[in-house]
Amino acid sequence: KVNMSLSEEEMKCLLSYYNSLEKPEIVLCNSFDKHSNLLHWREKWYVVYDRHFSQLLKDLNRIFFFEENEIDAYKIIAQIYAEELFLKGKFVKSGQFINSFFKKDKKKYCMNPEFEEVLKIQEAFIISHELAHWFYFRIQEKEKVSRALDMHYEKCRGYFDEVEREKTVQAADDKIIKLVFHYFKVNPGIQEESYCDISAITFLLAHFKVLSNLNSIEAASAAFLALYAMQLPGFIKYSVNAYYTYHL
């Protein structure tokens, strides 16, 4: 059975943030894919949360908060590579990474109760991000682009104004920042992901007292750690795909 750190009541709290009669069903799985997603199947929406990613978050949280040595970090990377290679059908190479991962016994750690609170916030952030995708589809095109742009434009404009006043950034750096902002403006996919991240953070800051005993700063920090961790399997998947595409 696949369980969540979040209780049934806390899951209802996540769904209640979006004021609609029809809401996605949250489905749990446990797979090497480690990827949560929003799915539309047979005229119904589902948020699929991969619980295996929670175990990865536990390990990364432990290394981050305990400041463990790099050996543990390499073991986690080896594990993710082994899983990605397995999914690609590269079973021998996957076994080699598994052998590397289990060459030495992992240390036994006592999970601090506060870490469970951190994990709960992180799970809530990921599910809220996917729910925001579902809500994003229900906003009219003009309105949703305007919302996403407005949230970023003011921050960027304020930054540029500060640069103009203080002249603290090199011209090359300023040019790069403006190019990134332009890329954001013309890329709908980036706009949507940004909107979903901001919506998830907004939800957590509004409801963190219901979800955990952490304060607002701790809750936001936990969410950002989850956001960074979400990129790790993607980078490894990309490197595995690139390697085998190049060597075919």
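The values are calculated or read from the model by the stated rules, or taken from the named source; none is laboratory data. Since we're looking at a predicted model, the values are computed, not measured. Ideal geometry is used to build each Cβ from the backbone, glycine not excepted, and the neighbour counts take in all protein chains shown. Ligands, DNA and RNA are stripped out before the accessible areas are found, and what is left, the full protein with its side chains, is counted by its heavy atoms. Shrake-Rupley method; radii C 1.70, N 1.55, O 1.52, S 1.80 Å.
Some values worked out for this structure:
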| quantity | calculated |
| --- | --- |
| Subset tally (residues that are open to solvent by 10 Å² or more (accessible area, probe 1.4 Å), under 18 Å from I26 (Cβ atoms) and touching a Leu at 6+ places or on another chain (Cβ under 7 Å)) for the range 46-64 | 3 |
| Filter result (within 22 Å of S7 (Cβ to Cβ) and not in a loop (DSSP other than H, G, I, E, B)) within the range 23-37 | E25, I26, V27, L28, C29 |
| Flag for A78 being open to solvent by 20 Å² or more (accessible area, probe 1.4 Å) and of a type in the set (G, A, S) | no |
| Looking only at the range 190-219, and only at residues there that are small (G, A, S) and modelled with pLDDT of 80 or more, the one that is farthest from N37 (Cα to Cα) | A219 |
| Criterion violated by R62 - all others in (1) in a loop (DSSP other than H, G, I, E, B); (2) modelled with pLDDT under 85; (3) within 19 Å of P233 (Cα to Cα); (4) among the basic types (K, R) satisfied | (1) |
| Checklist (1) over 26 Å from the mean Cα position of the chain (by Cα); (2) at pLDDT 85 or above; (3) polar (S, T, N, Q) applied to N99, failing item | (2) |
| Search result, residues across the range 208-232 that are more than 15 Å from the chain's Cα centre (by Cα) and either among the polar types (S, T, N, Q) or open to solvent by 40 Å² or more (accessible area, probe 1.4 Å) (or both) | K209, V210, S212, N213, N215, S216, I217, E218 |
| For N112: the one exception among (1) polar (S, T, N, Q); (2) at pLDDT 80 or above; (3) open to solvent by 60 Å² or more (accessible area, probe 1.4 Å) | (2) |
